[in-house]
1. I need the shape label for the range 161-246. Rule: rounded when a/c is under 1.5, else prolate if a/b > b/c, else oblate, with a, b, c from the alpha carbon gyration tensor.
2. Going by C-beta contacts inside 10 Å, put Thr39, Thr234 in order with the fewest on the left.
3. How do 83-90, 182-189 rank on mean C-beta neighbours within 10 Å, highest first?
4. DSSP beta bridges in the chain, what fraction antiparallel, as a percent rounded to 5?
5. Could you work out how far apart the two model spin labels at Lys13 and Leu54 are, taking each label as a point 7 Å from the Cα in the direction of the beta carbon, and quote it in nm?
6. Using a 10 Å cut-off on Cβ atoms, rank the peptides 190-197, 13-20 from the highest mean neighbour count down.
7. Take the alpha carbon gyration tensor of the range 20-59, find the square roots of its eigenvalues, order them as a ≥ b ≥ c, and report rounded if a/c is under 1.5; if not, report prolate when a/b exceeds b/c, else oblate.
8. Under the 0.36 nm per residue contour assumption, what length would be gained going from the current alpha-carbon distance of Ser125 and Glu71 to full extension?
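Bear in mind that the values in this text are calculations on the coordinates, not laboratory data. Here the structure is a predicted model, which means the values were calculated and not measured. For neighbour counting, all protein chains shown are included, and Cβ atoms are generated from backbone atoms with ideal geometry for every residue, glycine included.
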Amino acid sequence: MTIAETILSLTQKKKLHFSLLDPDKQPPRVAGHIAKTVTDAGSSAIMVGGSTLLSQQQVDETVQAIKQNSELPVILFPSGAKFLSKYADAVFFMSLLNSNNLNYVIREHVKGAMFIKHSGLEPISMGYVIVEPGMTAGRVGEADLIQRNDVQTAVGYALASQYLGMNFFYIEAGSGAPTPVPDEMIQAVKKNTSIPLLIGGGIRDAQTARQKAHAGADIIITGTAIEKDKQFKTTLSAIIEAIEGV
Ligand code: 1GP
């Protein structure tokens, strides 16, 4: 089975958690340590990416450190073609659909496609949109942010992704967002689409994670903010336990 097929079949049984590691936020050695912790806590995959990356080497070294410490699939979450790594297992081949910059919608994909073909990375097609407040991802991605109360637009993007043949749909509020994607938006998207729904940005505790999973998120993504928490592993285990119980 491909990684996408494995994830799809897992989402039919339970809610999943993916950990996002930004190579810009810690040295590779620390990323390796975090990878071990998130694996022990029960995360299902490790995503690697960020909006402020400087070099492919950063990504390569972080992915290698993660692979040395975890058996979980490593899925790239790239902000551009320059940040692909042949050491990962897969790549979210995602289009930032509400970007005003065509680079993030399709042009970076054109640049990176041959690298993916030759490296053997598994491309996993995903529609991606950013909701207010959007944070750094919204600014760097030049997103025409979806307003928090504009449920119709979010549903439109999700359905358009499904009709374009994308296998997953990700809505995020931006890393470190003070408030995550609203429940009403998650409910409406889930009700109107049939591809797995990923939700991230600003989810920092078990209660919020449970609420988002209950609203309809199939996969909850938490980023590196949680590392700052001294109880990191405990918090993460609680988040995963909470969503698996939904
Ligand atoms: C990644 O926005 C998510 O796309 C991660 O957000 O860092 O707030 O968990 P946090």
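1. Values: a/c = 2.12, a/b = 1.79, b/c = 1.19.
Because a/c hits 1.5 or more and a/b exceeds b/c, the range 161-246 counts as prolate.
2. Numbers: Thr39 17, Thr234 12.
Fewest-to-most Cβ neighbours within 10 Å comes out as Thr234, Thr39.
3. Details: 83-90: 21.0, 182-189: 19.5.
By packing density, highest mean first, the sequence is 83-90, 182-189.
4. Values: 1 of 34 bridges.
Percentage antiparallel, nearest 5: 5.
5. About 4.3 nm separates the two model spin labels.
6. On the way: 190-197: 16.9, 13-20: 21.1.
Ranking the peptides 190-197, 13-20 by packing returns 13-20, 190-197.
7. Prolate shape, in that a/c is at least 1.5 and a/b is the bigger ratio.
8. Values: separation 54, 0.36 × 54 = 19.44 nm, distance 2.25 nm.
Contour length minus the Cα-Cα distance gives 17.2 nm.
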